[in-house]
Amino acid sequence: MNQEQFSKAGPPEVNVNNMVLKLPGSRTFFVPSALTQFAKTVQQIIDYEYGINTMADDYYAYITIRQGLVKAQKTQSHPSIHVDGLQGAKYVKKLPPGRCYFVADGLPTRFFYHPFSFSGYSVDEYDYRTLMALQAKVEQSYLIDKPYGIYLIDPYMVHQPTVANRDTFRTFLRLQFTKKQFVKTDDMDNPMLQYRSNKEGPHVIPANLKMLLRKDSRGLRYYLNEQGQRIEVQDAEDKVVDELPRR
């Protein structure tokens with residue numbers, strides 16, 4: 001990987017959300033010229049994926065790139081504890097788990113290595129972000145903080161962005177291999193492909209979920225229990241913990 005190329009800033013800054021690079025039934029990847037600085041990184045990921053997954057041709061491949069200034073005490077993306085690739089009520093028949101590869105040049109991601117229990121909580125009915133936040137133990141977490149390291153995760157790895165201690169320019173890349181078809185309005189079409197998905201609206205967490213993670217006018221996160229009582233839920237931007245195991 002050419003680290004200088006990977007972190008090269010615009011203008012314009014590169015920001016891509018879930019752009020399809022490969023379609024099922026094909027092993028041809030279409031990387032637009034605007035993303036040339038990431039081509040070597042993408043190729044490394046492709047080579048590894050095809051080395052471990054004999055069925056990689058059957059998957060979509062989607063790329064996300066976030067590049068820009070992260071303000072002090074903020075995260076680059078949403079600060080909620082989450083997993084990538086959760087399949088909710090939309091997927092009545094569950095698909096094989098997808099895989100995500102991610103790379104960043106700074107601001108590590110926090111991973112939790114203790115068990116999480118969702119027994120009795122249907123993924124179709126509950127906001128799992130809340131369940132994860134209530135169970136997460138920061139003392140049983142670690143930071144993946146090697147800049148430019150390429151990491152592979154699956155939908156069972158609970159993680160959370162970390163806050164910036166100071167204003168930090170960050171470049172982040174994620175390449176997902178999944179059998180899901182991404183059809184939201186903020187999922188970007190690839191100008192090199194004639195393929196266009198039928199859009200279904202923006203990415204929105206279903207409002208009917210129980211224990212839905214909410215945010216009030218001050219930015220504080222909470223959920224309402226079955227009695228309608230407000231329960232506070234801490235997030236990454238609420239507390240900064242620096243001295244934890246690193247990997």
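The values are calculated or read from the model by the stated rules, or taken from the named source; none is laboratory data. Keep in mind it's a predicted model, so treat the numbers as computed, not measured. As a convention, Cβ positions derive from the backbone with ideal geometry for all residues, glycine included, and neighbour counts pool all protein chains shown.
Structure notes:
- Test: residue in segment 95-107 that is touching a His at 6+ places or on another chain (Cβ under 8 Å), assigned to a loop (DSSP other than H, G, I, E, B) and among the hydrophobic types (A, V, I, L, M, F, W, C): no
- Candidates A61, A34, A56, A39 - the one that is farther than 30 Å from V233 by Cα, out of contact with any Gly (no Cβ under 9 Å at 6 or more places or on another chain), at pLDDT below 95 and not β-branched (V, I, T): A34
- In segment 135-152, the residues that are closer than 15 Å to H82 by Cα and without any contact (Cβ under 8 Å) to a residue 40 or more places away in the chain: Q135, K137
- Scanning segment 120-145 for residues that are of a type in the set (D, E, K, R), under 18 Å from the mean Cα position of the chain (by Cα) and either outside any helix (DSSP H, G or I) or modelled with pLDDT of 95 or more (or both) returns D127, D145.
- Subset of segment 75-104 [crowded, with 17+ Cβ neighbours inside 10 Å and touching a helix residue (DSSP H, G or I) at 6+ places or on another chain (Cβ under 9 Å)]: T75, P79, S80, I81, H82, V83, R99, Y101, V103
- If you go through segment 1-31 and keep only what is more than 19 Å from V103 (Cβ to Cβ) and touching a helix residue (DSSP H, G or I) at 6+ places or on another chain (Cβ under 6 Å), you end up with P24, R27.
- Qualifying residue in segment 85-99 (condition: at pLDDT below 95, closer than 26 Å to G219 by Cβ and in contact with a Pro (Cβ under 9 Å, 6 or more places away or on another chain)): yes
- Residues considered: Y148, Y156. Of these, the only one that is out of contact with any strand residue (DSSP E or B) (no Cβ under 7 Å at 6 or more places or on another chain) and either at pLDDT 95 or above or of a type in the set (F, W, Y) (or both) is Y156.
- Pairs with Cβ under 7 Å, 6+ apart, first in segment 1-23 and farther than 27 Å from Y60 by Cα, second of a type in the set (A, V, I, L, M, F, W, C) and surrounded by fewer than 17 Cβ atoms within 10 Å (Cβ to Cβ): A9/F169
- Residue that is surrounded by the most Cβ atoms within 10 Å (Cβ to Cβ), among those in segment 214-247 that are of a type in the set (A, V, I, L, M), within 23 Å of E139 (Cα to Cα) and at pLDDT 85 or above: V233
- Condition met for A39 (assigned to a strand (DSSP E or B), small (G, A, S) and surrounded by 13 or more Cβ atoms within 10 Å (Cβ to Cβ)): no
- Among (1) within 27 Å of K8 (Cα to Cα); (2) of a type in the set (A, V, I, L, M, F, W, C); (3) in a loop (DSSP other than H, G, I, E, B) - the single one F116 does not satisfy: (1)
- Taking (1) modelled with pLDDT of 95 or more; (2) in contact with a helix residue (DSSP H, G or I) (Cβ under 6 Å, 6 or more places away or on another chain); (3) at negative phi; (4) in a loop (DSSP other than H, G, I, E, B) in turn, V163 satisfies each apart from (1).
- Scope segment 36-66; condition in contact with a Leu (Cβ under 7 Å, 6 or more places away or on another chain), hydrophobic (A, V, I, L, M, F, W, C) and either without any contact (Cβ under 8 Å) to a residue 24 or more places away in the chain or closer than 16 Å to F172 by Cβ (or both); matching residues: F38, V42, I45, I63, I65
- Qualifying residue in segment 167-177 (condition: within 20 Å of G68 (Cβ to Cβ) and surrounded by fewer than 13 Cβ atoms within 10 Å (Cβ to Cβ)): yes
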